[in-house]
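The values are calculated or read from the model by the stated rules, or taken from the named source; none is laboratory data. Since the structure is predicted, the reported quantities are computational estimates derived from the model, not experimental observations. Cβ: placed from backbone, ideal geometry, glycine included. Neighbour counts: every protein chain shown. Keep in mind that these areas ignore ligands, DNA and RNA; they rest on the heavy atoms of the full protein, side chains included. Shrake-Rupley method; radii C 1.70, N 1.55, O 1.52, S 1.80 Å.
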Amino acid sequence: MSLNTFGHLFRVTTWGESHGPALGATVDGCPPGVPIDAGMIQHWLDRRKPGQNKYTTQRREPDEVKILSGVFEGQTTGTPVQLMIENTDQRSKDYSDIMEKFRPGHADITYWQKYGIRDYRGGGRSSARETAARVAAGGLAREAIKALLPGVQITGYMTQMGPHQIDRERFDWDEIENNPFWVPDAKAAADWAEYLDGLRKSGESVGAIIEVVARGVPAGLGAPIYGKLDTDLAAAMMSINAVKGVEIGEGMASAMLTGTENADEIYMGNDGKPKFSSNHAGGILGGISTGQDVVVRFAVKPTSSILSTRKTITKSGQETEIITKGRHDPCVGIRAVPVGEAMMACVILDHLLLHRGQIGENRGKIG
């Protein structure tokens, strides 16, 4: 299976399956001299790991990362960094009933049609378990960004669960870490808890929308046409399991605006630097960062593994029915938040390295 690598200069290759002995990432292109140890990466993995509360899958994985190469005396050496996470709580027997059946909404049928072989144990390579490797790589990317651009902050949060949205008037950055849904709205978090608990008990699932913001990104990252910052961000977010839509800034809603409403007016700030009256562009114009917050939003579909009986077919083409057993997230969007943050970190670092390699410092001066 090809195409398991993303990035231009900061390149991440993930490997492993949901029910294999281990999974991980090989990171090539990380600058030398970045202070790093397993604990720094573990912090981000702990935010994604399963079984932390009743609203996520009860698979109990410590997700303990091991650094196998590319680090010496607490610093990256510039050589490939190998990150490994062992699987310890597989229950492959939960999937024995689907060996010959295709689960509706899953990649079972397309994997079989393309490759003629599939790992039915938890979905194998198509499982969201793969995202643990991305979060590990994203943890390394964060530390590299911190060394090169210490002012950058990357924060993800949920803005919608099913039909329920946050109230932007109640937006509170400090609230994000205080609830199991990474929601910047305390009232929404309380309401969603009751809503999701009902779905969970009935064996149902629901989708979500996640927003990821990178604050402190300098102007100049990205390039026109094929090297756009938003092109790579959109591809990175769309590559996350279960993501079905991505938008930058105002996104799809920009179609409802007039040109006057959509254009972010520019003026000079008291610090002698250009400022914008709004951020409909999501911090990117012409594929290049403006210096504003970079804002990406993505939609995650409902978890396809549900306890309701669904119609399907077998590998031999016989019509049948299926109930997906096992341990699954009632809203996979919850654990998609740290994954979205990791992908943002990897893309921002990649474009920072590209910018430094071609331009160095920004050449166009204002004022």
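Which condition number in (1) aromatic (Phe, Trp, Tyr); (2) in contact with a helix residue (DSSP H, G or I) (Cβ under 7 Å, 6 or more places away or on another chain); (3) farther than 19 Å from ARG48 by Cα is the one that PHE298 fails?
Unmet condition: (3).
Go through (1) touching an Asp or Glu at 6+ places or on another chain (Cβ under 7 Å); (2) of a type outside the set (Val, Ile, Thr); (3) not in a loop (DSSP other than H, G, I, E, B) and name the single condition MET252 misses.
So MET252 meets the others, but not (1).
Inside region 167-185, can you point out the residues that are more than 29 Å from SER305 (Cα to Cα), open to solvent by 60 Å² or more (accessible area, probe 1.4 Å) and under 23 Å from the mean Cα position of the chain (by Cα)?
Listed by number, the residues that qualify are ARG168, ASP172, TRP173, ASP174.
Being in contact with a Phe, Trp or Tyr (Cβ under 8 Å, 6 or more places away or on another chain) and either buried (at least 23 other Cβ atoms within 10 Å of the Cβ) or not in a strand (DSSP E or B) (or both) narrows it down to one of ALA136, ALA132, ALA147, so name that one.
ALA136 is the lone residue from the list that is in contact with a Phe, Trp or Tyr (Cβ under 8 Å, 6 or more places away or on another chain) and either buried (at least 23 other Cβ atoms within 10 Å of the Cβ) or not in a strand (DSSP E or B) (or both).
Of the conditions (1) within 25 Å of CYS346 (Cα to Cα); (2) part of a helix (DSSP H, G or I); (3) not hydrophobic (A, V, I, L, M, F, W, C), LYS187 fails just one. Which one is it?
So the condition that LYS187 fails would be (1).
Those residues that are surrounded by fewer than 24 Cβ atoms within 10 Å (Cβ to Cβ) and within 21 Å of ALA236 (Cβ to Cβ), I need them from region 111-129; list them, please.
Of everything in region 111-129, those that are surrounded by fewer than 24 Cβ atoms within 10 Å (Cβ to Cβ) and within 21 Å of ALA236 (Cβ to Cβ) turn out to be ARG125, SER126, SER127, ALA128.
Kindly list the number of the only condition in (1) out of contact with any Phe, Trp or Tyr (no Cβ under 6 Å at 6 or more places or on another chain); (2) open to solvent by 40 Å² or more (accessible area, probe 1.4 Å) that fails for LYS275.
For LYS275, the failing item is (1).
If you take the residues of region 326-367 that are part of a loop (DSSP other than H, G, I, E, B) and among the hydrophobic types (A, V, I, L, M, F, W, C), which of them is surrounded by the fewest Cβ atoms within 10 Å (Cβ to Cβ)?
Restricting to residues being part of a loop (DSSP other than H, G, I, E, B) and among the hydrophobic types (A, V, I, L, M, F, W, C), the top hit is ILE366.
Yes or no, residue by residue, for (1) of a type outside the set (Gly, Ala, Ser); (2) more than 30 Å from GLU194 (Cβ to Cβ); (3) modelled with pLDDT under 90; (4) touching a strand residue (DSSP E or B) at 6+ places or on another chain (Cβ under 8 Å):
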position: THR79; (1), (2), (3), (4): yes, yes, no, yes
position: LEU83; (1), (2), (3), (4): yes, yes, no, yes
position: THR88; (1), (2), (3), (4): yes, yes, yes, no
position: TYR95; (1), (2), (3), (4): yes, yes, yes, no
position: THR110; (1), (2), (3), (4): yes, yes, no, no
position: ALA144; (1), (2), (3), (4): no, yes, no, yes
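Conditions first: (1) surrounded by fewer than 15 Cβ atoms within 10 Å (Cβ to Cβ); (2) touching a residue at least 24 places away in the same chain (Cβ under 8 Å); (3) not acidic (Asp, Glu). ALA190 passes all but one, so which condition is the exception?
Going through the list (1) surrounded by fewer than 15 Cβ atoms within 10 Å (Cβ to Cβ); (2) touching a residue at least 24 places away in the same chain (Cβ under 8 Å); (3) not acidic (Asp, Glu), ALA190 breaks only (2).
Which of (1) part of a strand (DSSP E or B); (2) touching a Ser or Thr at 6+ places or on another chain (Cβ under 8 Å); (3) closer than 30 Å to ARG125 by Cα does ILE240 not meet, given it meets every other one?
Going through the list (1) part of a strand (DSSP E or B); (2) touching a Ser or Thr at 6+ places or on another chain (Cβ under 8 Å); (3) closer than 30 Å to ARG125 by Cα, ILE240 breaks only (1).
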